[in-house]
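One structure is given below, encoded as structure tokens.
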Amino acid sequence: MNLSLILLCALLLTLAPSASHAKPLREGDGQLIARLQRYKRQFSLNFGATHEDGYGTDVNAEAIAGLWRSQSGNTKLDGSASYTQHFGGLSGDGKARISGLLTFTHGY
């Protein structure tokens with residue numbers, strides 16, 4: 001297995017629990033619910049491959065997550081990671097391209 005793909009999987013496994021973990025509510029948590037604003041966290045994974053005879057195959061994967069949001073909702077931090085690589089064809093296998101992006105947003 002390609003080292004780049006292993007690194008991408010490790011990154012996704014690191015981000016997934018923090019973006020999808022929520023404790024179940026219990027009886028008597030009414031005060032806690034009133035104090036804390038809960039919001040739904042979303043984590044998107046996109047995978048794709050495109051093949052063309054004689055040219056080869058392009059493989060890509062992307063993970064997108066909302067990492068943090070302020071209580072007022074005016075400020076947030078989003079993150080994404082992507083992996084792209086070309087396999088086969090006349091030029092042979094290409095190098096893996098891995099990138100990450102953090103987006104900090106504040107609304108006034």
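The values are calculated or read from the model by the stated rules, or taken from the named source; none is laboratory data. Owing to the predicted nature of the structure, the values given are computational and were not obtained by experimental measurement. Because the Cβ atoms are built from the backbone with ideal geometry, glycine has one as well, and the counts that use them run over all protein chains shown.
Identify the residue in region 81-108 that is touching a strand residue (DSSP E or B) at 6+ places or on another chain (Cβ under 7 Å) and not in a strand (DSSP E or B) and, among all such residues, is modelled with the highest pLDDT.
Residues of region 81-108 touching a strand residue (DSSP E or B) at 6+ places or on another chain (Cβ under 7 Å): 81-89, 93-94, 96-106.
Subsequent filtering for residues that are not in a strand (DSSP E or B) retains 88-89, 93-94, 96.
Details: Gly88: 89, Gly89: 82, Asp93: 88, Gly94: 89, Ala96: 92.
Checking each candidate, the answer is Ala96.
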Cβ pairs under 6 Å, 6+ apart, first in region 82-106 and more than 12 Å from Ala61 (Cα to Cα), second basic (Lys, Arg):
Thr105/Lys76
